[in-house]
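The values are calculated or read from the model by the stated rules, or taken from the named source; none is laboratory data. All of these numbers come straight from a predicted model, not from anything done at the bench. Cβ placement follows ideal geometry from the backbone for every residue including glycine, while neighbour counts extend to all protein chains displayed.
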Amino acid sequence: MKNVIVVCEAGITTSLLVTKLEELAQQENEEYKIQSKNTEEGLDFIKEESVDAVLLVPQIHQKYAEYNEAANGKVLKISVIDYNNMNVFSIFEQLNEAL
C-alpha cells in the first residue's frame, strides 16, 4: 500500500480531491492510502511517518523545498489547471509515474 498525503493551506479544500483520488485508485485496482493535511500537520506527519508521495496544491508550491528536504518520498506539485479543474486523472497519472 502506497502512503500519500495531499497538503493544502488549511487541509480542508482537498477533501474532495482526496475522495476522488481514492475512488480512482480503487477503480484502477491500485492500493493507496491518501490523506489530507494542512501545511503544519503535513510537515510533522512526514517527519514521523513514512510516505511514498506528498502532493502540494498550488497555494503552497512555495513550500516545495521545505517539504522536499523533510520527506522520505517524492514531493510533487499539483498544477493550477489540474487542481482548479479537479483533474484527478492527470494528478493520478503524475503520481503513478513518480512512484
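Of all residues in region 1-48, those being touching a Lys or Arg at 6+ places or on another chain (Cβ under 7 Å), among the aliphatic types (A, V, I, L, M) and assigned to a helix (DSSP H, G or I) number 0. The condition (being more than 17 Å from Ala10 (Cβ to Cβ), touching a residue at least 40 places away in the same chain (Cβ under 8 Å) and surrounded by fewer than 17 Cβ atoms within 10 Å (Cβ to Cβ)) is satisfied by just one residue among Asn68, Asn96: Asn96.
If the condition is being out of contact with any Cys (no Cβ under 8 Å at 6 or more places or on another chain) and touching a residue at least 24 places away in the same chain (Cβ under 8 Å), then region 38-55 contributes Glu41, Gly42, Leu43, Phe45, Ile46, Glu49, Ser50, Val51, Asp52, Ala53, Val54, Leu55.
When residues of region 71-93 are filtered for being under 22 Å from Ala10 (Cβ atoms) and of a type in the set (Lys, Arg), how many remain? Count: 1. Taking Tyr83 as the residue in question, decide whether it is among the aromatic types (Phe, Trp, Tyr), under 16 Å from Val18 (Cβ atoms), buried (at least 19 other Cβ atoms within 10 Å of the Cβ) and in contact (Cβ under 8 Å) with a residue 40 or more places away in the chain. Answer is yes for this residue. Restricting region 12-49 to residues that are touching a helix residue (DSSP H, G or I) at 6+ places or on another chain (Cβ under 8 Å) and more than 24 Å from Glu93 (Cβ to Cβ) leaves a set whose member that is surrounded by the fewest Cβ atoms within 10 Å (Cβ to Cβ) is Lys47. Checked across region 35-46, the condition of being modelled with pLDDT under 95, β-branched (Val, Ile, Thr) and within 11 Å of Val6 (Cα to Cα) holds for at least one residue.
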